[in-house]
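Bear in mind that the values in this text are calculations on the coordinates, not laboratory data. Keep in mind that this is a model prediction, so the values were computed, not measured. Because the Cβ atoms are built from the backbone with ideal geometry, glycine has one as well, and the counts that use them run over all protein chains shown.
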Amino acid sequence: EPADREQPVNIEANHVTVDDRSKTHVFEGDVILTQGSLQIRGDKLVVTQGADGFQQGVATAGGNRLATFRQRRAGTNEYVEGEAERIEYDSRTERAKLFNRAYVKSGGDEVRGSYIEYDALSENYLVSNAPGGAGPAAGGGRVRAVIQPKGSSAPAAPAQ
Amino acid sequence: MAIPAHRIYPVVALALLAGATLWLERVSAPEEARTPVVERGKADFSADGTRLVSFGADGRQRYELLAERITHYPGANGTDITEFTRPRLTQTAEGRLLHLVADSGEAYREGEEILFTGKVRVRRSGIPGEPEAVFVSDTLTVWPDDERARSRTPVVLTRGDTVIRASGMQADNIFGTLQFDGRVNATMPRSGRNTP
């Protein structure tokens, strides 16, 4: 959602540690990052802040839980939703990188893999079984994708 | 003549109730209000338009504390209290200048601990390229020698366009690291985008 870009980043948490030397803010406990329609949730969020504001956030979840993100798609009321063990969001490139047990759902399309990169500008996402696409993922998992034929919303059988 | 139990019972019950209330009031009062334990007696001196300067062992100034008035209440075993009216504290920490103003302040144990209350406002200069930080709350306890501070009342920290709101804060190295508690809310401007 392009309008998101102009919004400030708002973050809620139970506890925050601000370290001046490393210019990091560590948010812990039921963390919710909101920027327009973009929302990232997790148990911990480490934010790097430049002189001019929010730069990058790395969200993780504790135990077996996953960090999640969702963002409205441009000009629609549909949301792109994703989850992973670690989600890195960079406000300069406006990309979300999902690591390990990554899953993204957009309309009827779904992709699952070890690494998914979602570009909020182009609303495209790249999925591979390892960051950078080289070599098998730790779990040796395969990429799974369900891509809907355009103009239909009925779920099709998953493509292997 | 033995007093029947049913006569004594109300007295005992009331005594227990009174004791419990006193204990509850003592425990639930914020820690700042419970210090010092010794009720203050008569002031032994006061001064108007004061300037207190503290120097470290190396001879460098640690902090300067101005006040419209100071009033000293003696106390045994380091329980004396120095009260400040409209204190203004200036301290240098890690090359940054810190200015604090408040309605009033109380120094305990020869200034080892100072509790500031009433419209506490702290401004800390940034280093080049970094905006200054402004902290606002109703109370702030400062340990100047340890370069530590703590507030148990709702706080707002503003730095540039970033605003953090919380129900309490602890600062080490006078704002070198800050810990915020309660349901914390932070608003940050986003950085500029990469030009496509």
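Put simply, of B:Ala47, B:Ala67, B:Ala57 the only residue that is assigned to a strand (DSSP E or B) and out of contact with any Leu (no Cβ under 9 Å at 6 or more places or on another chain) is B:Ala47. Beta carbons closer than 6 Å, at least 6 apart along the sequence or on distinct chains, pair a first residue in region B:146-161 that is crowded, with 17+ Cβ neighbours inside 10 Å with a second that is among the aromatic types (Phe, Trp, Tyr) for B:Leu157/B:Phe135.
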